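In what follows, a single structure is set out as structure tokens and then discussed.
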Number of protein chains: 2
Amino acid sequence: MKSGLNFLVAAKRCEIAELQQLALTSALVNVTGRLIHGLQRERGLSNLLIGSQGGRFAEMRAHQIEECRQIEGELRACFDSLDTASARVGHGARLFSRIAYVLHGLDALDGLREHVASLQWNTRQATDAYVRLVAGLLAVVFEAADSASDPEISRLLVARFNFMQGKEFAGQERAVGSALFASGRADTGEQQRLLHLIESQERCLQVFTEFANPRVVDFWAVSQASTTLAELERMRRVLCTAAQGVPLNAQLSQAWFDCCSQRIDRMKSVEDRLALDLLRACEDKTTAARAELASYQALQATPAQEVDALSFFHDVPANFGVSPPSYGLQLDRPVLELVQEQSRRLQTMSDELDTVRASLNERKVIERAKGLLMAHRQLREEEAHKTMRQMAMNQNRRLIEVAEAVLAMAEVLPERPR
Amino acid sequence: MKSGLNFLVAAKRCEIAELQQLALTSALVNVTGRLIHGLQRERGLSNLLIGSQGGRFAEMRAHQIEECRQIEGELRACFDSLDTASARVGHGARLFSRIAYVLHGLDALDGLREHVASLQWNTRQATDAYVRLVAGLLAVVFEAADSASDPEISRLLVARFNFMQGKEFAGQERAVGSALFASGRADTGEQQRLLHLIESQERCLQVFTEFANPRVVDFWAVSQASTTLAELERMRRVLCTAAQGVPLNAQLSQAWFDCCSQRIDRMKSVEDRLALDLLRACEDKTTAARAELASYQALQATPAQEVDALSFFHDVPANFGVSPPSYGLQLDRPVLELVQEQSRRLQTMSDELDTVRASLNERKVIERAKGLLMAHRQLREEEAHKTMRQMAMNQNRRLIEVAEAVLAMAEVLPERPR
């Protein structure tokens, strides 16, 4: 008959298996991040090409496409190496489904490139197409962020996801700005879009700041505090404040692209550090869990100690995780104590996890509310976002509260507007 | 190279694996529920025995213990049959850890029984000991409720967990009331405890009403609407309104026990229906998922259709789950459409799941805040609960908001009070 200790061992094995799974998924996310980075650059160059009526940037773009193709090959190889044969319980269904979506996007990529090269699509169409593909890739990253049950790892995953999402907004900003400069003429609609992208970017980076390790946050702060940022803000001002139809200096498109790219490349270094932090945390936790597993197994091999079974009814209840758990080798303590400690630890972890997850949930709620407004009031994304932000300001409420209110209204909204 | 369709198939296989796992866990929960039911009755009879100074109920109790031993054997066999060798990703670690805790409680059960039989423990001590063991068993049920990623199944799990938790409060009410009647004298502290148990019970049953299938809710309503309830309320009034020290009719202890037991036995029938609903939902969903899997596999076997890969960039984004997904066999549709539909479906499921989980989280937050108050202000559980309820009334806020405020204060509270 299996004892409490047997189940303690089994629980520890599950923890280790999850950490290993996370390390694998994390490696997948690294390649995904590199492809996103490449596609972001390809998007910007494509916009420059279209904006200049095919006159410039063709070579840089061709070079970039080559690089993207190579990373795409790596990512497909990663996907291939995933164990799809043995059905995994957990977030397998969602991850695989996201991958299926991405694969279709990658299949369509060469068609997109042809449409850009032949100038059949305008910058808006090209940008939207790349945005959709990158969104699919980010959804893979999001599923990974949503899968950990260790709160510390979950924090790092949330930080990384938000940073990557923020970087994508920065990439879209580069693309939209490139197109605007290259077109040589200010446009109120596109200016609105730029402002929305800047704001969304800052929101994501704020979450990153809250959840990442302080060292990486500092690293990012230092990367930021350079002349690049001042130059970026100056060009942002030029782009965003010019009145409708006023000429823009088309020659600035290259400067804008380079300035944004420098910042985005730095973001990639931060992203790489985040990936490293995550890998290290997985390794550290795996090592600690293995040591605990070994101590449990040693306990299994020793003759059972005489313990007072009734002590089960005397100790503090295992549910209140108010005192911090202790770790380490525990061969000289009764099994019940180990079990209670493990229960407390898992409870504390679960509580912390709820807090971390809340930030992921906020994002989901806001996105859902935005989607609802877009569908029912036929708004574009930035208009929907602006509407909610305006509501929040008028009602002196947080954006998340407004989003919740919008969703609560969903049931009374008509199925489809006229 | 694996295609989008391959991953769609893999995702569906994961869904099926999870449903099967749930059906297994659900069977485990059924036996757990039966043992809880038996221990609840044993607890009530033990209190009657102690309350009557060992003079009565010895035979009924012995019979009940025999029944509990038998179910305990079944539950241990269930635990033994769990696959602990292959480490499962998912909620394995938490479930196994809960089981380890329960096994220690079961090992201590005979000691508890001896203390009751020899009248070494008073009714309060005996009740608390049984309460702790049942809480451990309910934690197993809770982990199961927290594990599903299908929102419909999750609703049923949440309904079942809350009903079982409500039934446990009803069981504690029976035990406390039995002891009070048997002691022959009113006691303000125990009256307060009874009121807390009645209120907690009603809160759990409210959640059950929100999440269970309407048929079961009706069944429970019909079971409730009997003369038993009126009789129970009458005795509750007698118990809870008598002034401190006033004599109670000790002969009523049997009537109280029978009246409560009749209601609790009916609750067990409702619980059984909930279990059946759950099993049926798992089966239905498995059947549907298998049919979809078969259709995907058939698609894999047919030559690829000529499709416009670029349509990836034209359709509605997969992220906005505003339109309900459709189901069924889909052999004549392009794979991309299936992928998008699956993405939408998983997105909708994930959104719904957040809503269902919110109710579980509320419970966790309230419990945590209560634990904090108990530890820092050295309150008993019902006092902590009463304090928070009073705060909620005074500030015209929901209990969950008060609990969140209490937790937010945690950081500024001293480590331990003097």
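Couple of notes before you dig in:
- Degrees, to the nearest 10: B:227-241 long Cα axis against longest axis of chain B: 50
- Candidates A:LEU205, A:LEU24, A:LEU138, ranked by Gaussian network fluctuation over chain A, Cα under 10 Å, top entry: A:LEU24
- Residues of chain A: accessible area per residue with a 1.4 Å probe, Å²: 42
- Normalising the average separation of contacting C-alpha pairs (under 8 angstrom, six or more residues apart) by the number of residues puts the relative contact order of segment B:4-285 at 25 percent.
- Amide H to amide H, with H built 1.01 Å from N, B:ARG185 comes under 5 Å of B:LEU248, counting only residues 5 or more places away or on other chains.
- Ordered by solvent-accessible area of protein heavy atoms (1.4 Å probe), largest first, the residues A:GLU59, A:GLU337, A:GLU72 come out as A:GLU59, A:GLU337, A:GLU72.
- Of all accessible heavy-atom area on chain B, the percent that carbon and sulfur account for (1.4 Å): 53
- Surface listing: B:LYS2, A:LYS364 arranged by accessible area from highest to lowest gives B:LYS2, A:LYS364, probe 1.4 Å.
- With the charge dipole of the protein assembly as shown set up from +1 on Lys and Arg Cβ and -1 on Asp and Glu Cβ about the Cα centre, the Cα lying farthest toward the positive end among the listed residues B:ILE36, B:MET164, A:VAL402 is that of A:VAL402.
- The figure for A:SER86 is an accessible area of roughly 60 square angstrom, using a 1.4 Å probe on the protein chains alone.
- Measuring between alpha carbons in the structure, the pairs from A:LYS2/B:LYS364; A:LYS364/A:LYS386; B:LYS364/B:LYS386; B:LYS167/B:LYS285; B:LYS285/B:LYS370 lying more than 26 angstrom apart are A:LYS2/B:LYS364; B:LYS167/B:LYS285; B:LYS285/B:LYS370.
- With both labels modelled 7 Å from their Cα along Cα-to-Cβ, the A:ALA77 to B:SER81 distance reads 4.7 nm.
- Those residues of segment A:92-120 for which accessible area with every protein chain present is at least 40 Å² below the isolated value (1.4 Å probe): A:ALA93, A:ARG94, A:PHE96, A:SER97, A:ARG98, A:ALA100, A:TYR101, A:LEU103, A:HIS104, A:ALA108
- Total accessible area lost when B and A pair, probe 1.4 Å, Å² to nearest 100: 7200
- 0 to 90° range, to nearest 10: angle between helix B:399-409 axis and chain B longest Cα axis: 90
- FRET efficiency for B:ASN249 and B:GLN395, using Cβ-Cβ distance with R0 set to 60 Å, rounded to 0.05: 0.90
- Ranked order, B:GLU233, B:GLU15 - accessible area, probe 1.4 Å, largest first: B:GLU233, B:GLU15
- Whole-Å distance, taken between Cα centres, linking segment A:357-406 and segment A:93-125: 27
- Net charge dipole, segment B:4-285: roughly 380 debye, given to the nearest 20, about the Cα centre with Cβ charges of +1 for Lys and Arg and -1 for Asp and Glu.
- Given charges at Cβ of Lys, Arg, Asp, Glu: the protein assembly as shown dipole, positive-most of B:ALA289, B:VAL238, B:GLN20: B:VAL238
- Chain A: angle of helix A:123-145 to the longest principal axis, Cα-based, in degrees nearest 10: 10
- Take every Cα pair under 8 Å whose residues are at least 6 apart in sequence, average their separation, divide by the length of segment A:154-204, and the relative contact order is 54 percent.
- Result for chain B in a Gaussian network model with C-alpha springs under 10 Å: among B:LEU39, B:LEU194, B:LEU106, the largest mean-square fluctuation is at B:LEU106.
- Area of A:GLU66 that stays accessible when all protein chains are in place (1.4 Å probe, Å², to 10): 100
- Ranking A:MET267, A:LEU346, A:GLY111 by Cα position along the charge dipole of chain A, where only Lys, Arg, Asp and Glu carry charges on their C-beta atoms, puts A:GLY111 farthest toward the positive end.
- Position A:GLU59, label points 7 Å along Cα→Cβ, spacing to each other copy in nm (shortest first, one decimal): 10.4
- Along segment A:10-25 the Karplus relation, 6.51 cos²θ - 1.76 cosθ + 1.60 evaluated at θ = phi - 60°, assigns HN-Hα couplings of 4, 4, 5, 4, 4, 4, 5, 4, 5, 4, 5, 4, 4, 4, 5, 4 Hz to successive residues, with x for each Gly and Pro.
The values are calculated or read from the model by the stated rules, or taken from the named source; none is laboratory data. On a predicted model such as this, the values are computed, not experimentally measured, just so you know. Glycine gets a Cβ as well: all are built from the backbone with ideal geometry, and neighbour counts include every protein chain shown. Surface accessibility is based on the protein's heavy atoms, side chains included, excluding ligands, DNA and RNA. Shrake-Rupley method; radii C 1.70, N 1.55, O 1.52, S 1.80 Å.
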